[in-house]
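Participant: A single structure is presented below for examination.
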Amino acid sequence: MTSVIVGTAGHIDHGKSALVRALTGSDPDRLPEEKRRGITIDLGFADLDLDGVRVGFVDVPGHERFVKNMLAGAHGIDVVALVIAADEGVMPQTREHFDICRLLGVQRGLIVVTKTDLVEEELLELVTSEAAELVAGSFLESAPIIPVSAKTGAGLDQLRTALREVSLQVPGRADGFLPRLPVDRVFAMKGFGAVVTGTLVSGTIREGDELELLPIYSRVRARGVQVHGNTVSEASAGQRTAVNLGGIDTHAIERGMVLAPVSSLRTTQILDVNVSVLPGAPRALRSRARVRFHIHAAEVLARIQVLEPSGQVAPGAAGLVQLRLETPIAAVAGEHFILRSYSPSITIAGGEVLDPLAGKHRGRDLADVRRSLAILAGDYPAAQLSVFVATSGDLGQRREDLRARTGWEDARLFPPLNEAIDKGMIVDCSGVLLDQKRFVSLKAAALDEVEEHHRREPLSRGLARETLRERHFAHIPAEVFRAVLSDLENAGSLVSEKELVRTSAHVLELSAPDVALRDRINSVYELAGLEPPTLDEALQTAGVSSAQKTHARKLLQLLLDRGSLVRVQGDLFFHSGPLAQLTATLKQFALEHPSDPSLDVATFKELAGVSRKYAIPLLEFLDRARITRRVGDRRQILK
């Protein structure tokens with residue numbers, strides 16, 4: 001069965017509630033005060049079956065004091081029934097409600113002229129003509145204008161037929177969006193607890209689902225689901241839905257909150273939007289102006305930051321602005337909103353969210369910002385995702401970040417994302433998505449830093465990876481840093497050696513004095529055999545002055561790098577030649593003692609010809625090198 005939401009719109013006392021009551025048999029005015037005063041104050045709901053079409057009515061108040069409540073119901077409607085009383089004609093709230101529907105992007109509807117039993121035919125024709133003039137050039141220009149009387153029933157059958165026809169023209173809600181239920185009503189039901197209602201704008205909510213209320217991030221469970229008063233196992237996009245929530249008290253829930261899957265959406269207080277200002281707005285939108293921002297059932301105060309070069313958006317014009325909210329809300333790209341002036345509270349503009357998780361912009365960047373927002377306002381998803389990634393800078397975006405920004409499920413998100421990656425617009429750094437230009441810039445910065453290290457330290461074989469990251473790339477995710485180095489290595493620009501990186505062109509070129517000093521240090525250790533001097537003694541013997549010690553240590557590191565010297569413990573170094581001879585001696589001992597190839601410290605001292613001062617460090621080194629293995633007080637020689 002096709003399900004559509006029909007919202008009433010129109011001035012107070014033009015018969016909206018009476019019309020819904022006459023069509024459905026249900027009174028949408030549920031509050032005692034509404035019945036006592038005879039006016040609609042808050043949203044009312046009713047439903048009607050029209051031969052395979054289930055119509056859910058959202059009846060809104062028409063008084064100017066309750067436009068806030070009207071807006072809570074106007075979001076999410078598929079069809080508007082613009083109600084005009086035959087005895088009064090077009091009135092101020094008729095125009096404001098009509099403007100709101102246009103700004104919210106409603107595409108279908110009809111015009112209902114009510115109270116026809118109170119007027120003569122001539123006046124009815126005049127009001128009908130006035131209604132046609134009001135909607136000329138709008139989405140209602142070709143809509144049927146149906147005169148009815150809720151009192152006598154005249155025209156109701158024609159209205160039902162027209163409602164069914166226009167409802168069948170409503171396209172189905174787009175697939176691939178995360179479930180979102182903006183809450184427009186909250187109440188407690190005895191024996192059940194908290195119940196929330198709203199129009200399910202996207203996705204599906206099922207009984208038992210684990211959900212989250214935003215912006216308070218409270219986890220709840222869908223204990224039960226109803227659609228049009230009937231218990232169901234699941235509710236689908238476009239249906240008036242009631243959800244019985246477990247895990248939260250009614251007093252913690254407010255109109256304007258959004259129910260969504262856990263960890264799927266993010267709250268925001270800064271949004272980049274495209275806004276259209278009504279021609280009749282009293283003044284242009286300018287930066288720092290305080291406005292009332294309405295999205296779905298939420299109303300929050302906001303400050304405007306105009307992004308246009310002129311610094312304003314004039315009445316009747318459209319432009320880009322940033323909205324900075326005073327309290328957080330949940331929103332996704334593509335959603336419509338309404339702006340009302342702070343005081344007096346009148347509707348002045350509306351538009352579409354382009355980036356719901358925007359950051360503050362610097363004045364010198366506004367030209368680039370406008371170009372990016374123009375892409376977001378287009379219909380090329382791969383480019384739109386690239387803009388979201390680019391605006392995140394070096395931090396990049398993860399797939400869950402893009403889901404929260406767009407409200408897209410994976411089936412809708414992944415094809416354009418993969419396209420953007422395949423076309424080189426986005427780089428996938430092991431799950432962190434980075435703009436291609438930023439990735440190239442980071443690679444250049446990393447290569448420059450390694451080259452600069454070589455210039456500063458020509459005797460160093462490379463720069464430690466962690467030093468490189470801590471000095472210049474601590475602000476980026478580890479996945480991005482690893483991807484940057486990996487890409488440079490794959491391209492042959494950098495070479496990794498253990499924990500160091502160097503450029504592929506880096507070659508150690510020693511001067512003749514450096515070669516001579518290096519060789520002298522090497523000779524000191526080679527001649528010392530298995531009883532080497534301390535480092536200071538070795539450098540002194542090699543003729544190194546105090547001023548040369550730092551430089552000499554770098555030459556010693558070169559000897560370690562090429563394997564001529566071996567660090568056995570701390571600053572205790574041995575030449576590789578005597579160590580190799582010692583290893584050969586131990587192997588020979590093992591061959592001569594096949595039944596027990598082990599030795600104690602005393603035997604080792606005798607074999608190596610060293611004192612205990614050197615024997616213990618040497619044995620521990622041999623253990624680490626897996627030449628020997630300690631077993632109690634003895635060392636077993638390994639084959």
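Participant: Cross-link candidates for LYS587: which lysines have Cα within less than 26 Å, leaving aside residues fewer than 8 places away along the same chain?
Facilitator: LYS605, LYS613, LYS639
Participant: Of the listed values (i) 126, 59, 38; (ii) 70, 64, 48; (iii) 77, 70, 45, grab the one calculated as Cα extents along the principal axes in Å from the structure here.
Facilitator: Step by step, Cα extents along the principal axes in Å for this structure corresponds to label (i).
Participant: Continuing with the same structure: Return the distance in nm (one decimal) between the two label points of a simple spin-label model at ARG456 and ASN230, each offset 7 Å from Cα along Cα→Cβ.
Facilitator: Here the modelled spin labels are 7.4 nm apart.
Participant: Towards the positive end of the charge dipole of the chain, with charges on Cβ (+1 Lys, Arg; -1 Asp, Glu), say which of GLY351, GLN397, GLY203 has the farthest Cα.
Facilitator: Toward the positive end, the furthest listed residue is GLN397.
Participant: Subtract the Cα-Cα distance of GLU326 and ASP249 from 0.36 nm times their separation in residues, and report this length gain in nm to one decimal.
Facilitator: This chain segment gains 25.2 nm when fully extended.
Participant: If Lys and Arg each add +1 and Asp and Glu each add -1, what is the summed charge of the other residues whose beta carbon sits under 12 Å from the beta carbon of ARG54?
Facilitator: -2
Participant: Could you tell me which of VAL484, LEU579, ALA85 has its Cα farthest along the dipole of the chain towards the positive end, charges placed at Cβ (Lys, Arg +1; Asp, Glu -1), taken about the Cα centre?
Facilitator: Of the listed residues, the answer is LEU579.
Participant: With +1 on each Lys and Arg Cβ and -1 on each Asp and Glu Cβ, how big is the dipole of region 53-170 about its Cα centre, in debye rounded to the nearest 20?
Facilitator: That gives a dipole near 680 debye.
Participant: Additional query: Distance between Cα centroids, region 116-137 to region 455-499: provide it in whole Å.
Facilitator: 76
Participant: A further question follows. If you count only protein heavy atoms with a 1.4 Å probe, what accessible area per residue comes out for the chain, rounded to a whole Å²?
Facilitator: Dividing the accessible area of the chain by its residue count gives 46 Å².
Participant: Turning to a different aspect of this structure: Using only Cα atoms, locate the centre of region 157-209 and the centre of region 598-624, then give the distance between them in Å, rounded to an integer.
Facilitator: 82
Participant: For the chain, which whole-number percentage of the solvent-accessible area (1.4 Å probe, protein heavy atoms only) is attributable to carbon and sulfur atoms?
Facilitator: Carbon and sulfur atoms account for 48 percent of the accessible area of the chain.
Participant: Taking the Cα centre of region 345-434 as the origin, how large is its charge dipole in debye, to the nearest 20, when only Lys and Arg (+1) and Asp and Glu (-1) carry charge on their Cβ atoms?
Facilitator: 320
Participant: If you don't mind, there's one more thing I want to ask. For ASP561, put the label point 7 Å out on the Cα→Cβ axis and report which residues of region 477-511 keep their amide N under 18 Å from it.
Facilitator: Label zone hits: 493-511.
Participant: Could you pull out the pairs from LYS16/LYS115; LYS16/LYS151; LYS68/LYS151; LYS16/LYS68 whose alpha carbons sit more than 19 Å apart here?
Facilitator: Violating the 19 Å Cα-Cα cut-off are LYS68/LYS151.
Participant: Would you mind working out the magnitude of the charge dipole of region 204-328 relative to its Cα centre, with +1 at each Lys and Arg C-beta and -1 at each Asp and Glu C-beta, to the nearest 20 Debye?
Facilitator: Computed charge dipole of region 204-328: roughly 480 debye.
Participant: Return the percentage of antiparallel bridges among DSSP beta bridges fully within the chain, rounded to the nearest 5 %.
Facilitator: 85
The values are calculated or read from the model by the stated rules, or taken from the named source; none is laboratory data. What you see is a predicted model; the values in this text were computed from it and never measured. When we count neighbours, we look across all protein chains shown, and the Cβ atoms used for this are built from the backbone with ideal geometry, even at glycine. Each accessible area value is taken on the protein alone, full model and side chains, heavy atoms only, with ligands, DNA and RNA left out. Shrake-Rupley method; radii C 1.70, N 1.55, O 1.52, S 1.80 Å.
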